[in-house]
Amino acid sequence: MPRKPSKKAQPPKLPKGEAEQVRIRREIGHDFALKEDRFGRQRLTPGTAEARRVYEVSNGGYTSTGGIVRLRNVDPLVGITSLSRQQREAGQRFRDDFERAAREGLQPQSWSERVDGGRVGGGIPDRVLSAGRAHAQAAAVLAHWEVAEVVRRICLEGQSVKAIAERTGDGRDVVVKLLKIGLDLLTVHYGIMGRKAG
């Protein structure tokens, strides 16, 4: 009996939308964010800010037919033009506190070390405690859960006002108002409020 030809291993399917994002980037010359995978396909470099950006093309999705490319995922603190300089600065400080706390985190320690920090230099480093404390104090200032939720989603997760408005059913103006209230609270917390522009 003749043997059936063995099927060549098929590469896994690209995640939804990635092929289109790769195509758009190649068409407009933004292929610096692409790399080849082991199957020879061009892919977005995972874990990079460039890979998280979303390119949208009008006119049926092709630049060759005169479509206009819009870049989404612009930092909302920059993209919301009605924010004051102080509000932007407060949002960035809040983001920095969060990232510092997350980056420092609790590092795994050797099993041979005592949990109570009985050796010299043991226990949780001060910088880790300080980073976590700074973020917790800033988050506590936001008080109302709706305000805190909007500030967290926009400043820390980089979600757009449009996405939040669609998810909650609120108007964009309501989302922006909640964000501004939260950022104003943070400007007071960080001592930015009332500072003259330098």
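The values are calculated or read from the model by the stated rules, or taken from the named source; none is laboratory data. This structure is a prediction, so every number in the text was calculated from the model and none was measured. When we count neighbours, we look across all protein chains shown, and the Cβ atoms used for this are built from the backbone with ideal geometry, even at glycine. Note: accessible area is taken over every heavy atom of the protein model, side chains too, but ligands, DNA and RNA are not part of it. Shrake-Rupley method; radii C 1.70, N 1.55, O 1.52, S 1.80 Å.
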Taking the stated definitions as given, is Val78 exposed (fewer than 12 other Cβ atoms within 10 Å of the Cβ), modelled with pLDDT of 70 or more and touching a helix residue (DSSP H, G or I) at 6+ places or on another chain (Cβ under 9 Å)? yes
If we keep only residues of segment 41-67 that are of a type in the set (S, T, N, Q) and under 29 Å from Val151 (Cα atoms), then the residue modelled with the lowest pLDDT is Thr48
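Considering only segment 9-26, state which residues are under 13 Å from Glu56 (Cβ atoms) and either open to solvent by 60 Å² or more (accessible area, probe 1.4 Å) or of a type outside the set (Val, Ile, Thr) (or both). I'd like the intermediate steps shown before the answer.
Filtering segment 9-26 for residues under 13 Å from Glu56 (Cβ atoms) gives 17, 20-21, 23-25.
Residues satisfying the conditions are Gly17, Glu20, Gln21, Arg23, Arg25.
Any idea which residue in segment 171-180 is nearest to Phe98 (Cα to Cα), counting only those that are buried (at least 17 other Cβ atoms within 10 Å of the Cβ) and free of Cβ contacts under 8 Å to residues at least 40 places away in the same chain? Steps first, please.
Applying the first criterion (buried (at least 17 other Cβ atoms within 10 Å of the Cβ)) to segment 171-180 yields 175-176, 178-180.
In the following step, the residues that additionally are free of Cβ contacts under 8 Å to residues at least 40 places away in the same chain were identified as 175, 178.
Details: Val175: 21, Leu178: 20 Å.
This residue is Leu178.
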Counting only residues in segment 147-166 that are closer than 26 Å to Ala136 by Cβ and open to solvent by 60 Å² or more (accessible area, probe 1.4 Å), the one modelled with the highest pLDDT is identified as Arg152
Here the residues within segment 124-145 that are modelled with pLDDT under 90 and buried (at least 17 other Cβ atoms within 10 Å of the Cβ) are Val128, Ala131, Gly132, Ala134, His135
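Mind telling me which of the residues Arg93, Arg70, Arg88, Arg38 ends up being modelled with pLDDT of 70 or more, part of a strand (DSSP E or B) and either open to solvent by 40 Å² or more (accessible area, probe 1.4 Å) or farther than 23 Å from Arg172 by Cβ (or both)?
Numbers: Arg93 fails: part of a strand (DSSP E or B); Arg88 fails: part of a strand (DSSP E or B); Arg38 fails: part of a strand (DSSP E or B).
Sole residue among the options that is modelled with pLDDT of 70 or more, part of a strand (DSSP E or B) and either open to solvent by 40 Å² or more (accessible area, probe 1.4 Å) or farther than 23 Å from Arg172 by Cβ (or both): Arg70.
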